[in-house]
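The values are calculated or read from the model by the stated rules, or taken from the named source; none is laboratory data. For clarity, every value in this text was computed on a predicted model and none was experimentally measured. Cβ placement follows ideal geometry from the backbone for every residue including glycine, while neighbour counts extend to all protein chains displayed. The accessibility values were calculated without ligands, DNA or RNA, using every heavy atom of the protein model including side chains. Shrake-Rupley method; radii C 1.70, N 1.55, O 1.52, S 1.80 Å.
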Amino acid sequence: MRLDSIFSRDARTEKKFLSKLFHKAKKDYPDIITFMDTITLKLEIDDDFHRRFSLELKEIFTSLKFMKFLTTSGLMQEDSLFSVLRKKFYDIMLPEIEDDHTLTSIVNDLFYDQSNFKNFKLIPKDRWERFYTALFRNSEDSELNSIRKDLKSQLIESINILMDRISGGFSDNEMMRYRPLGEYSKTPFNKLSIDIRNIIENPELPFDLLGIRQSIKSCTIYLNDILTQKDNKGISLKVTLKINRINQELQRVKELVKNLSDLKSDNDLVVFFSNATKMWVEYYSPQNFVSKQISSTVYLVTFLATYHNGRTGEKYITTSAKEYFKLYMTAAGGGLIVAVLCYIKYWMGHIPDISPFSTAFLFGLNYAMGFLAIYLLHLTLATKQPAMTAALIAHTLKSNEQDKDINYHDFARLFARLSRSQMIAFIGNVTAAFALATGIFMLLRHAFGWTVVSVSDALKYWDELAYFNPWIIWYASIAGFFLFISGLVSGLVINNQRYYNIPERIYHHPFLKRFFGDKRRRKIANWFEKNNGGVIGNILFGFMMGSAFLVGEFLNIPFDIRHITFAAGNLAMGMAGIDYGGITLMTIIVSIVSVFLIGGFNFIVSFLLSLTLAMRSNNIQIIHIFPMFGAVIKEFFKNPYKFFFPPIKFRKK
């Protein structure tokens with residue numbers, strides 16, 4: 001396996017020579033490290049090979065510009081997630097490969113073949129140290145000084161560019177609202193800027209590397225503390241992207257300052273190139289760069305949504321017997337409204353000569369108005385609980401960001417409270433919806449002589465539940481997904497109104513000042529702040545539920561929704577519509593089981609999606625979900641009573 005072939009004439013261009021090395025390694029050697037060891041040994045013992053190899057590298061790297069690579073590669077450059085995705089798409093389709101003698105161009109050309117990138121990363125640091133030691137042996141001092149001078153100059157310029165971006169990003173209007181006015185000089189960013197300026201102005205003087213690292217750490221903590229202001233100021237997607245970008249740039253400055261420090265050590269070029277080679281290769285944007293960026297952004301945004309939902313969810317979990325029975329009464333009130341909605345939806349569905357889109361709009365309007373009535377009257381729709389309470393449960397798993405231990409026992413106890421709360425809400429919704437739907441049917445038929453529901457429609461309602469159509473499980477899961485989406489949107493709306501300070505804008509609106517006094521405007525603003533998220537979430541949920549059937553019709557797939565409370569109302573309409581004929585004890589049992597299965601899947605899908613999202617937003621790995629529910633099962637067998645009923649407190653005599 002002759003290495004001299006890498007100097008063949010067809011490799012006598014800078015990029016082809018490097019590609020030739022990788023091609024040689026893949027073709028003639030078992031792995032990249034063996035090839036690296038062979039090259040290094042040849043450099044150590046063969047002076048002619050050393051001379052020719054050095055000349056090839058000099059042609060490539062002499063006067064090479066790497067500032068652009070250090071200040072752009074692997075760093076977010078835009079404040080828009082769409083811009084990030086668009087730029088990455090262009091980079092993949094049309095990689096930035098030009099004959100401009102920059103490190104960016106060389107790296108993009110060399111690593112366009114992902115196998116080269118993977119092989120390069122496999123080479124350990126000790127191999128690079130040996131390689132550079134062999135490469136620089138017998139080098140003239142003047143040559144080494146020239147290399148050192150050029151490296152320092154470009155490193156300092158790169159650090160300067162990044163620091164300007166960091167200072168500019170932190171000082172713009174969107175970020176200024178998170179700190180007291182006129183206190184920039186007291187922030188760690190000001191101290192870091194001064195430290196970096198001293199390095200730039202006095203590059204030959206020693207600097208405090210540990211002090212700069214501490215300043216960068218303080219800046220990172222400061223940015224993270226912005227998120228703690230979310231409860232009263234909110235935050236936007238643009239700001240989360242900006243925080244991500246500044247954090248990336250801070251980390252890059254930290255690494256480049258370390259590179260600059262390496263140039264001041266003994267045997268500095270070997271140390272510098274060994275560290276830089278391992279470090280800088282990570283700056284090349286790998287294929288999963290965008291997914292990591294989106295994941296990081298989603299983490300921040302969902303944290304905001306689940307935070308607000310967690311606060312809302314506190315009212316959905318009962319502790320005492322009094323709260324337990326109060327929840328039953330509010331759930332019964334919600335069931336009464338749903339019973340009315342069942343009939344309105346049925347009649348809307350039988351309006352003659354109406355398009356599917358119009359039907360979907362009317363269905364959505366019916367659902368939305370009903371859900372709004374339930375929400376604004378402080379009644380309960382049982383399946384709205386999981387999306388709100390999952391966030392609260394996830395928050396209880398870790399009491400603070402520094403706590404690495406997961407408290408499975410507290411999760412099990414809180415889940416038991418959720419379980420009994422969900423059960424009593426189900427019972428309240430179902431019993432009230434079934435009773436009132438039956439009463440309405442009897443009233444309209446016997447008092448007014450109406451044909452309330454046709455026999456064919458009644459049979460459809462009855463047969464689906466009494467003979468258990470398996471598709472109801474799928475339809476119930478779709479409704480659970482819609483519940484999850486509506487809960488997420490509610491949280492984001494609350495965050496958005498805090499970020500844009502909407503309640504205060506309403507209070508100070510000049511138009512409202514003409515007609516309302518301070519107290520009335522404050523009441524309007526407070527009502528909006530308290531209810532806007534819930535109103536938007538319920539309207540969205542209503543229209544998603546109402547238009548679901550359109551997806552099934554247009555795509556010719558089984559796509560619809562089933563909700564436990566509406567299923568109970570439809571069951572009552574179906575039984576009454578067939579005059580209770582052919583009903584047996586078994587069909588009654590099956591229909592009841594079917595109704596609660598619908599509720600079960602409404603709950604399971606909504607809760608698991610919300611819990612997964614809440615765990616992600618609290619930086620808890622999904623793998624913990626298995627021991628979490630293991631603790632629930634253990635707690636259930638230990639005391640099943642509390643999963644269904646509240647604790648009974650006996651008065652002391």
*Could you tell me whether P124 is in contact with a Lys or Arg (Cβ under 9 Å, 6 or more places away or on another chain), under 18 Å from Q251 (Cβ atoms) and either open to solvent by less than 50 Å² (accessible area, probe 1.4 Å) or modelled with pLDDT under 85 (or both)?*
no
| request: May I ask you to verify whether T34 is open to solvent by 20 Å² or more (accessible area, probe 1.4 Å) and at pLDDT 90 or above? | output: yes
Would you confirm whether or not region 296-307 contains a residue that is touching a helix residue (DSSP H, G or I) at 6+ places or on another chain (Cβ under 7 Å), at pLDDT 65 or above, of a type in the set (A, V, I, L, M, F, W, C) and open to solvent by less than 10 Å² (accessible area, probe 1.4 Å)? no
By residue number, the members of region 548-563 that are surrounded by fewer than 19 Cβ atoms within 10 Å (Cβ to Cβ) and either free of Cβ contacts under 8 Å to residues at least 40 places away in the same chain or part of a helix (DSSP H, G or I) (or both) are F549, L550, V551, G552, E553, F554, L555, N556, I557
So the helices (runs of 4 or more DSSP H) completely within region 104-214 holding 1 or more residues that are touching a Phe, Trp or Tyr at 6+ places or on another chain (Cβ under 8 Å) and without any contact (Cβ under 8 Å) to a residue 40 or more places away in the chain are 141-171, 188-201
(1) hydrophobic (A, V, I, L, M, F, W, C); (2) modelled with pLDDT of 60 or more; (3) touching a Leu at 6+ places or on another chain (Cβ under 8 Å) all hold for A382 apart from (3)
By residue number, the members of region 43-75 that are touching a residue at least 60 places away in the same chain (Cβ under 8 Å) and open to solvent by 30 Å² or more (accessible area, probe 1.4 Å) are E44, S63, K65, M67
Sole miss for G582 among (1) assigned to a helix (DSSP H, G or I); (2) open to solvent by less than 70 Å² (accessible area, probe 1.4 Å) is condition (1)
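With I159, I194 as the choices, which residue is open to solvent by less than 60 Å² (accessible area, probe 1.4 Å) and not hydroxyl-bearing (S, T, Y)?
Going through I159, I194 in turn, the sole match is I159.
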Checking M575, M545, M628 in turn, the sole residue that is in a helix (DSSP H, G or I) and either open to solvent by 10 Å² or more (accessible area, probe 1.4 Å) or touching a Leu at 6+ places or on another chain (Cβ under 6 Å) (or both) turns out to be M575
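Between I473, I494, which is touching a His at 6+ places or on another chain (Cβ under 8 Å) and open to solvent by less than 40 Å² (accessible area, probe 1.4 Å)? Reasoning before the result, please.
Details: I473 fails: touching a His at 6+ places or on another chain (Cβ under 8 Å).
That would be I494, the only listed residue that is touching a His at 6+ places or on another chain (Cβ under 8 Å) and open to solvent by less than 40 Å² (accessible area, probe 1.4 Å).
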Sole miss for S158 among (1) modelled with pLDDT of 90 or more; (2) farther than 20 Å from E249 by Cβ is condition (2)
Here the residues within region 431-469 that are touching a Leu at 6+ places or on another chain (Cβ under 7 Å), in a loop (DSSP other than H, G, I, E, B) and crowded, with 16+ Cβ neighbours inside 10 Å are V452
Subset of region 504-520, residues under 30 Å from I226 (Cβ atoms), touching a Lys or Arg at 6+ places or on another chain (Cβ under 9 Å) and part of a helix (DSSP H, G or I), comes to I506, Y507
Contact list, first residue from region 500-517 and within 22 Å of M175 (Cβ to Cβ), second anywhere and of a type in the set (D, E), beta-carbon distance below 8 Å, six or more apart or interchain, is I502/E529
